[in-house]
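Below is one structure, written out as structure tokens, with a few remarks after it.
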Amino acid sequence: MLHPVLSRGRSRVVSSAVAVAALSGALLAPPAAAAPSAGLAAVPDVSWTECRDGFQCAAVPVPLDHGDPEGAQIDIEVVRLPAGDPAQRIGSLLLNPGGPGGSGVQFARAVADVLPLELRARFDIVGFDPRGINLSTPLRCFENLDQVFAILPTFAFPDTPAEEEAQRLFDDQLSAACGRNGGAILDHMSTADVARDMDVLREAFGDEELNYLGFSYGSVLGQNYANLFPDRVGAFVIDAVVDPIAWSTGYGQDGETTPFGTRIQSADGARRTLEEFFRLCDEAGPDCVLSGDAGGRFTALAERLRAQPMTTVDPVTGETFALTYQDLIAVTLGALYAPFTWPDLAVFVADLEQQVGPEVLGQRLAAIRTGLGLEAALQEEYPNVIEGPTGVGCSDSVNPTSLEAWQAAADSAEEAYGHFGRLWNWTFSACASWPATAGQDRYLGPWTAETSSPVLVVGNEFDPATPYQGAVAASELLPNSRLLTYGGWGHAAFFAAGNFCVDAHVTRYLVSGELPEAGTVCAPEGTPFGPTSALTASDAAAAAALHAGAVPPSVRRALHAR
């Protein structure tokens, strides 16, 4: 579920592309349910230009503030691959890869050619960068990335009181910079704002209903749209699903005491998925190099690294790094996103256990980094992978505002969920001091609208970022929905798992509207350690494009991803 962040040298982007955290007290006031829009703007003209490999590109103007449709405008960058069979075209299918902060433009380019032929024939495949992100009108709070790197903490996530204080200092500096320099977009980056943009795109494309496929955070965006515009829901799939109540307000008084990175129970999903990794590794015997009390060996290694870090050398840059306990946990989480990298994770842990040389460890990290699609070079001189995702998360959710509350929640999360509790708790911790003007048009529920077409909700039983209970919660909230369960592992299921059953059900629904039978569970085909019907090279590349936009910043930092 969550978004990309950079690292450069020892100064890694640690805190803003994957986590979502606390809002200031002034943000608790916006209404729980905002109207879809306060006015009617003219439908924008879309001027498509050819932009490589059969794609067409456009910048679509939308209101900065949908409550003032004739006021200032911003641009939404859009890319589409036209339907292969125009005579059978159904309409546009909008994609969102998650984050928040993932680029839908880059995602559509990466996956359009590997989507099922039926989808490519019948739909224009459309990707867009949400407002505030990447190529759309972006939130930028510094003059350049070097200014960010100069103040970034060096750890993947805080594990001691001193590190927690250092994290707070960075978060406050980031929030202050955005308050000074972020501009008008800072106040209008909620997911509800993006949902309203999607409705403008729907109308501009000439579609009566919105057809949508959203993953991870994209499920939050989908649920916002479905509840703001329930009469305009067409073929609609959300995969790797987040509980919208946990994301936005929490249950009861949770929002006042518990960061939403903990509320959405990602740490529980990661813990359960790691237990599956240990179980399958032990069952695999010689096919998994960590087999034989894999869980006990991992725990012993984690405690050893907590006391004494090891050294690695990046094979690309030649830089030397200390590999810490936090790095082990972050790398492990990243590998759990993509089951086809699990054998690489087993080798990495076994090598750490045997205390191999720094060069070998660096090569192991590079293999996992490549499997997660994190080798791609940045396309922008100043990609806003820090402030962009934070701007979305902090606009959306109610969270505690004191460092003490975050520290207490971190302690509780570690006790409840083990190794991953602190990592997920501190994601988007800048929200504790984020400018109070942000999120004024956000949507906080209810999440129970009766949609014009059924919503297909897809959930993995062992997802390390968006746990299965999120999909169950969303399916129970939306009265016109159907839950499709994948009984396997990893982040997201459709095309990311390489599972024929899931792919067939989702494709059939999108094309024909036919839902799977209630209670359908698609079984995994083999295991990550074999025998299994492995993903094809093109499918693995597409899955990597999805995971690259979803892994937390702590993972990118630990993997030396740039």
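Readers should treat all values here as calculations from the given coordinates under stated rules, not as data from a laboratory. Fair warning: this is a prediction, and the values are worked out from it, not measured in the lab. All Cβ positions, even for glycine, are placed from backbone atoms using ideal geometry, and neighbour counts span all protein chains on display.
List the pair-distance distribution P(r) of the stretch 163-217, using every Cα-Cα distance, as the percent of pairs falling in each 10 Å bin from 0 up to the bin containing the longest distance, rounded to whole percents.
18, 29, 27, 18, 7, 1
Using a 7 Å offset from the Cα along the Cα-to-Cβ direction at both R279 and T320, what is the distance between the two label points in nm, to one decimal?
With each label point 7 Å from Cα toward Cβ, the separation is 4.3 nm.
Grab the beta carbon distance between R89 and A518, set R0 = 25 Å, and tell me the FRET efficiency rounded to 0.05.
Values: r = 31 Å, r/R0 = 1.22.
Calculated transfer efficiency: 0.25.
Taking the Cβ of each residue in V385, V349, V220 as the centre, tally the other Cβ atoms inside 10 Å and list the residues starting with the fewest. List each step's numbers first, then the result.
On the way: V385 27, V349 24, V220 34.
Placing the least packed residue first, the sequence is V349, V385, V220.
Arranged from highest to lowest average of other beta-carbon atoms within 10 Å per residue, in what order do the peptides 406-419, 436-449, 190-203 appear? The partial results should precede the final answer.
Working: 406-419: 18.9, 436-449: 20.6, 190-203: 24.4.
Top to bottom by mean Cβ count within 10 Å: 190-203, 436-449, 406-419.
To one decimal place, what Kirkwood hydrodynamic radius in Å is obtained for the chain from all pairs of distinct Cα atoms? Intermediate results must be reported in sequence, preceding the final value.
Details: mean 1/r = 0.0434 Å⁻¹.
About 23.1 Å, per the Kirkwood formula over Cα pairs.
List every residue whose amide H lies under 5 Å from the amide H of I74, counting only residues 5 or more places away in sequence or on a different chain, with H placed 1.01 Å from N in the peptide plane.
Those qualifying (amide H under 5 Å, at least 5 residues apart or on another chain) are V62, L64.
So how do V62, V457, V43 line up by other beta-carbon neighbours within 10 Å, fewest first? Walk me through the numbers before you get to the answer.
Values: V62 24, V457 27, V43 11.
By the 10 Å Cβ count, ascending, the order reads V43, V62, V457.
Using the count of nearby Cβ atoms within 10 Å as a rough guide to exposure, how do V233, V356 rank from fewest to most? Numbers along the way, then the final one.
On the way: V233 24, V356 15.
Result, fewest neighbours first: V356, V233.
For the stretch 479-486, in order, what is each residue's ³J(HN,Hα) by Karplus, 6.51 cos²θ - 1.76 cosθ + 1.60 with θ = phi - 60°, in whole Hz (x at glycine and Pro)?
So the Karplus estimates, Gly and Pro as x, are x, 9, 9, 9, 8, 10, 9, 9 Hz.
In nanometres, what is the gap between the two model label sites at E450 and D293, each 7 Å from Cα along Cα-to-Cβ?
Calculated label separation equals 5.9 nm.
Below 8 Å between Cα atoms, with a sequence gap of 6+, how large is the relative contact order for the chain in percent? All intermediate terms of the calculation are to be shown ahead of the outcome.
Numbers: 1395 pairs, mean separation 153.0, N = 562.
Value for the chain: 27 percent.
Can you give the helix-only mean residue ellipticity at 222 nm for the chain, where every DSSP H stretch with n ≥ 4 adds -39500 (n - 2.57) and the sum goes over all residues, rounded to the nearest 500 deg cm²/dmol?
Details: 21 runs with 222 residues, N = 562.
After summing the helix terms and dividing by residue count, I get -12000 deg cm²/dmol.
Nearest 5 percent is fine: what portion of the DSSP beta bridges confined to the chain is antiparallel? Could you put the intermediate results ahead of the total?
Details: 21 of 49 bridges.
The antiparallel fraction comes to roughly 45 percent.
Given the Cα-Cα distance of E203 and A72 and 0.36 nm per residue of separation, how much length would full extension add, in nm?
45.2 nm
Report the paramagnetic label zone for E381: residues of the stretch 174-201 whose backbone N is under 18 Å from a point 7 Å from Cα along the Cα-to-Cβ axis.
none
In debye, nearest 20, what is the charge dipole magnitude of the chain about its Cα centre with +1 on Lys and Arg Cβ and -1 on Asp and Glu Cβ, if you could check? Mind showing how you got there, number by number?
On the way: 32 positive and 68 negative charges, 107 e Å.
It works out to roughly 520 debye.
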